[in-house]
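Asks: Before I ask anything, here is the structure I am working with.
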Amino acid sequence: MLNDIRKDYLLNRWVVVATHRRRRPTDFAKKEPTAQSVDKSLCPFCPGNERKTPPAVLVYLKGEKGVVKEKDTNGSRHKNWLIRCVPNLYSAFSPPRKGESFESGKAVGHHEVLIESPNHYEHPGAAKFSQLVHVINGYVDRLKVLSSKPYVEYISIFRNHGLTAGASLSHAHSQIIAMPTTPTILRDELRASKEFYEAHGKCVFCDIIEREKSGPRFIWQNESFVALAPWAGIHPFEFWIIPKRHQATLLDLKRGTVEDLAEALKICLSGLDALLNDPPYNYGFHITPSNKAADKFYHWHLEVYPKLSIWAGFEKSTGTYINVVPPEYAAQNLKHTIEKRQFND
């Protein structure tokens, strides 16, 4: 097979699929150093250490009739929680102070950490389905609150797993950043999605699902979501999770689809863990900005990027990437790994 050069579905971005340099999954399966003997008395996210973080802006507690949602106060911290969402001590964005102009160019916004479980190691690939439902509902709750702020235009929900992927703490957690502007990649996706909609009268992601669901890059599906390796993915073993029904944002999730998304996260990330021996990875949700103008033509999705390669001089100087694992090969291996596994809550 000859090497390929492929253009992204939407972005004006190119990737070289270097078939001749293809590596086997076992070539990547090198266990990253982890703090398996971590002293949980020192971890600020572990139960009992709640005072090591700022007061939580959202706490899920187990009530007699289901989940109870609360907040911490300066004088007290809730115990026996299911998830906590706290301001990041090392925030990239900060709420505005009185008298400041939102047009001043300052990094106005919010930067929060969603602690996904009282269990230090309960990452999505190993978590219970029920715990992942809490995590997704936590994302939605914070998205509702933050998107209502007049100075917030876009909200990024992302996760870093593993030291080399940027996770400074090993306790299972995600991050939420509310920004005063829409980031460049999302602006480019929104523009391309709008152009496709105006030219074809339909959503480009709905079209991608239709073309890919029975093709060589298909990985897995349930009633509400499909997982696939993108045609021009720039990371080895990159995959996306996309809702089958057109939805612009996580705020469009219904109760049943929250559970289906939890299943998709659990199964796909568990498959990635098993195939590549718990590799470092990043994931990020791509959603519409808070103004809702793009709802009819933009389709939210989750992109998962295993941290298996290093971008060097060629990538950084040209904006063209080399992926040494063809997406078709990645999809085949992920699909087979998932099919062999059994999943229980």
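Asks: With the requirement that a residue be basic (K, R) and more than 13 Å from N12 (Cβ to Cβ), what does segment 184-199 give you?
Replies: Taking segment 184-199 and keeping what is basic (K, R), we get 187, 191, 194.
Once the filter is applied, which keeps residues that are basic (K, R) and more than 13 Å from N12 (Cβ to Cβ), segment 184-199 yields only K194.
Asks: Still on this structure, I have one more. Of all the residues that make up segment 45-62, how many are assigned to a loop (DSSP other than H, G, I, E, B) and either at negative phi or crowded, with 19+ Cβ neighbours inside 10 Å (or both)?
Replies: Filtering segment 45-62 for residues assigned to a loop (DSSP other than H, G, I, E, B) gives 45-49, 53-57.
Still in the list and also either at negative phi or crowded, with 19+ Cβ neighbours inside 10 Å (or both): 45-47, 49, 53-57.
Number satisfying all stated conditions: 9.
Asks: Considering only residues that are of a type in the set (V, I, T), touching a Phe, Trp or Tyr at 6+ places or on another chain (Cβ under 9 Å) and closer than 23 Å to K52 by Cβ, look in segment 113-162 and name the one that is surrounded by the fewest Cβ atoms within 10 Å (Cβ to Cβ).
Replies: V113
Asks: Taking only segment 296-345 into account, find how many residues are surrounded by fewer than 18 Cβ atoms within 10 Å (Cβ to Cβ) and aromatic (F, W, Y).
Replies: Going through segment 296-345 one residue at a time, the tally reaches 3.
Asks: Output the number of residues of segment 113-139 satisfying the condition of being hydroxyl-bearing (S, T, Y) and under 16 Å from C46 (Cα atoms). Show your work before the answer.
Replies: Pass one, segment 113-139, residues hydroxyl-bearing (S, T, Y): 117, 121, 130, 139.
From what's left, under 16 Å from C46 (Cα atoms): 117, 121.
Of the residues in segment 113-139, 2 are hydroxyl-bearing (S, T, Y) and under 16 Å from C46 (Cα atoms).
Asks: Which is out of contact with any strand residue (DSSP E or B) (no Cβ under 6 Å at 6 or more places or on another chain), over 25 Å from E263 (Cα atoms) and of a type outside the set (V, I, T), of S91, S76, S130, S117? Please lay out each step first, then the result.
Replies: Details: S91 fails: out of contact with any strand residue (DSSP E or B) (no Cβ under 6 Å at 6 or more places or on another chain); S130 fails: over 25 Å from E263 (Cα atoms); S117 fails: over 25 Å from E263 (Cα atoms).
Of S91, S76, S130, S117, the one residue that is out of contact with any strand residue (DSSP E or B) (no Cβ under 6 Å at 6 or more places or on another chain), over 25 Å from E263 (Cα atoms) and of a type outside the set (V, I, T) is S76.
Asks: Hey, E223 hits all of (1) touching a Phe, Trp or Tyr at 6+ places or on another chain (Cβ under 8 Å); (2) among the charged types (D, E, K, R); (3) modelled with pLDDT of 95 or more but one; which does it fall short on?
Replies: Exception for E223: condition (1).
Asks: For segment 236-345, which strands (runs of 3 or more DSSP E) that fit wholly inside it have 1 or more residues that are modelled with pLDDT of 95 or more and not hydroxyl-bearing (S, T, Y)? Write out each step before concluding.
Replies: On the way: elements: 239-243, 281-286, 301-306, 321-323.
Of the strands (runs of 3 or more DSSP E) lying wholly inside segment 236-345, those with at least 1 residues that are modelled with pLDDT of 95 or more and not hydroxyl-bearing (S, T, Y) span 239-243, 281-286, 301-306.
Asks: Now for a different question. Just need a number here: residues in segment 106-153 that are over 30 Å from A274 (Cα atoms), in a loop (DSSP other than H, G, I, E, B) and not hydrophobic (A, V, I, L, M, F, W, C).
Replies: Total meeting the criteria: 7.
Yes/no matrix, rows are residues, columns are (1) aromatic (F, W, Y); (2) touching a strand residue (DSSP E or B) at 6+ places or on another chain (Cβ under 6 Å):
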residue	(1), (2)
Y283	yes, yes
H299	no, no
F314	yes, no
Q332	no, no
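Asks: Looking only at residues that are in contact with an Asp or Glu (Cβ under 8 Å, 6 or more places away or on another chain) and in a strand (DSSP E or B) in segment 206-235, which one is farthest from R6 (Cα to Cα)?
Replies: Filtering segment 206-235 for residues that are in contact with an Asp or Glu (Cβ under 8 Å, 6 or more places away or on another chain) and in a strand (DSSP E or B), the one farthest from R6 (Cα to Cα) comes out as F225.
Asks: Further question on the same structure: Could you check segment 208-246 and list, in sequence order, the residues that are without any contact (Cβ under 8 Å) to a residue 12 or more places away in the chain and polar (S, T, N, Q)?
Replies: S214
The values are calculated or read from the model by the stated rules, or taken from the named source; none is laboratory data. Treat the numbers as computed from the prediction; the structure is a model and nothing was measured. Here Cβ is always computed from backbone atoms with ideal geometry, including for glycine, and neighbour counts include all displayed protein chains.
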